[in-house]
Amino acid sequence: MRSFGCQMNVYDSERMAESLRAAGHVEAADADADIIVLNSCHIREKAAEKIYSEVGRIRHRAERAGRAKPVIAVAGCVAQAEGGEMARRMPAIDIVVGPQAYHSLPSLVARAGNGAIVETGMPGLAKFAALPPRARRVPPSAFLTVQEGCDKFCAFCVVPYTRGAEASRALPAILDEARALIDGGARELTLLGQNVNAWGHDGRTFADLLHAVADLGIRRLRYTTSHPRDMDKTLIAAHRDLPALMPYLHLPVQSGSDRILKAMNRRHGADFYRAIIDRVRAARPDIALSSDFIVGFPGETDADFEATLKLAAEMGYAQAYSFKYSPRLGTPAADSADQIPEEVKDARLAALQAQLAADQTAFNRASIGRRTTILLEREGKLPGQFIGKSPWLQSVHVRAPGLAIGDLVTVDLVNATQSSLEGQPVQQMAEAW
């Protein structure tokens, strides 16, 4: 099972793996696998080409080893966008299954071998009822999808076409899965959605959902990804009122130029975004901010880009993701005549990333001297070293005898780089998983 792209794909891959296990399959080492599932992402440039390249590599490796080609299933957003064209272009692909139909993967695998099978139906949220119970043992930090799809139709984005319209899972089903994850060992839950703060069901808001999940006793709670238009006052108040809700907000702005935001169909302006951030910071002064930016959107002028640099500098992001615009077939922006030359996009991206890197470094260095609690998620490269996440989603390296993955450890932050910090454990202040 190989997952590309966003956290929702990580969640989907976990659920597909659980479905295959429930059908009697067991996980195998890469070279020995009889089934390989590539869970694809359509956000990055040339995503489909990368999947085709990976399929070719799998086929050639099997030929060199003198063994039968494994069953190859392509899942996710590229599968949804490409559909049957994938199987026609690359006959080595046995199964093409979209993100709303992956619950059918075990039955598709059972039928594989007599020509490509394509399943790209979009039956809303039916898949969740068809999935098996969550695993008995889960990582200390676990994902939980609560919402799928998007109705915003940003001019650059394929999500409405590959994931469908906005759909919210029912609160009881979410709470059942959250309890199973907590019982399985999760100490932190991240609620996921293409537009997660648009979640709503039976008159309840996303803030109501956060309160309900927190009431289950989860130690740490996060969510991603959000849209500024759905950042209402009840959600902002939740950042003030819920101790379990970590002081971190990923709120994509995409551009600092109102003209470009309008062309993107973002439905918010730069000052609207600034006002939201002001209210969030008033509710939770220690909050860390993250965002997404696209540079070189069709028609972007030097003045538009300068507005983006200005907004980014004002926000002082703890981290942010930035990309060059690349056309996506079927989206309005792809047909624009005002495409920006690649060399201009390259220069703008380099300038923005330099500023964002400096801001991230400054945020991390300002954390030196803080005493906080980190959740250990994996082993580090050095003997006895572990890597955990701070409440502000910073990676923190720590070394001390007796630590283990899943521990909540109180540390003093003593050193910082752009990408991580060093923590010194406070003696007798680790809480075991």
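Short to long, the 10 Å bins of the Cα pair-distance histogram for region 45-160 hold 12, 36, 34, 17, 2 percent of all pairs. Note on the chain: with a GNM built from Cα contacts shorter than 10 Å, the maximum mean-square fluctuation among 160, 401, 247 falls on 401. Restricting attention to the chain, close to 40% of DSSP beta bridges with both partner residues there are antiparallel.
Note that the chain presents 43 Å² accessible area per residue, ligands and nucleic acids not counted, probe 1.4 Å. Dividing the helix sum by the residues of the chain, where each DSSP H run of 4 or more adds -39500 (n - 2.57), gives a mean residue ellipticity at 222 nm of -10500 deg cm²/dmol.
Could you compute the net charge surrounding residue 308? Neighbours are other residues with a C-beta less than 12 Å from the C-beta of residue 308; K and R count +1, D and E count -1. Don't skip to the end; give the middle numbers.
Working: positive: 259, 310, 348; negative: 258, 292, 300, 302, 304, 306, 314.
Net charge in that neighbourhood comes out at -4.
Taking Lys and Arg as +1 and Asp and Glu as -1, the other residues whose beta-carbon sits under 15 Å from that of residue 30 total +3. Kirkwood radius for region 362-433, taken over all pairs of different Cα atoms as the inverse mean of 1/r, rounds to 11.7 Å. Divided by 2.2 N^0.38 Å, where N counts the residues, the Cα radius of gyration of region 303-424 comes to 1.41. The alpha-carbon atoms of region 224-329, seen along their principal axes, cover 43, 28, 20 angstrom, with the largest extent given first. Between residue 335 and residue 60, what is 0.36 nm times their sequence separation minus the Cα-Cα distance? Round to one decimal in nm. Separation in residues times 0.36 nm, less the Cα-Cα distance, equals 95.3 nm. Straight-line reach from residue 69: taking Cα to Cα under 30 Å and skipping same-chain neighbours fewer than 8 places apart, the lysines in range are 46, 50, 127. Look at where the Cα atoms of region 120-149 and of region 272-334 average out, and the two centres are 30 Å apart. For region 114-245, the percent of C-alpha pairs falling in each 5 Å distance bin, counted from 0 to the bin holding the largest distance, reads 2, 10, 19, 21, 19, 14, 9, 3, 1, 1, 0, 0. Taking the chain as a Gaussian network of alpha-carbon nodes connected by springs under 10 Å, the highest mean-square fluctuation of the residues 132, 106, 91 belongs to 91. For the chain, the normalised intensity computed at q = 0.11, 0.13 Å⁻¹ comes to -0.95, -1.32 (log10 of I(q)/I(0), Debye sum over alpha carbons, equal scatterers, no solvent). The solvent-accessible area of residue 397, taken with every protein chain present and a 1.4 Å probe, is close to 50 Å². For the chain, the relative contact order works out to 10 percent when only alpha carbon pairs closer than 8 Å and six or more residues apart are counted.
Highest mean packing first, where packing is the average number of other Cβ atoms within 10 Å per residue, the peptides 220-228, 142-150 line up as 142-150, 220-228. Roughly speaking, to the nearest percent, how much of the chain's 1.4 Å accessible area is carbon and sulfur? Of all accessible area on the chain, carbon and sulfur atoms account for 52 percent. Relative contact order of region 113-210: 36 percent, from C-alpha pairs under 8 Å at least 6 residues apart in sequence.
May I ask you to rank 386, 363 by accessible area, largest first, using a 1.4 Å probe over the protein chains only?
These residues rank, largest area first, as 363, 386.
Neighbours of residue 320, meaning other residues whose beta-carbon lies under 12 angstrom from its beta-carbon, give a summed charge of -2 when Lys and Arg score +1 and Asp and Glu score -1. For region 144-207, the calculated P(r), taken from all Cα-Cα distances in 5 Å bins from zero up to the bin holding the longest distance, is 4, 18, 24, 21, 15, 11, 5, 2, 0 percent.
The values are calculated or read from the model by the stated rules, or taken from the named source; none is laboratory data. From a predicted model like this one, the values you see are computed outputs, not experimental measurements. When we count neighbours, we look across all protein chains shown, and the Cβ atoms used for this are built from the backbone with ideal geometry, even at glycine. Each accessible area value is taken on the protein alone, full model and side chains, heavy atoms only, with ligands, DNA and RNA left out. Shrake-Rupley method; radii C 1.70, N 1.55, O 1.52, S 1.80 Å.
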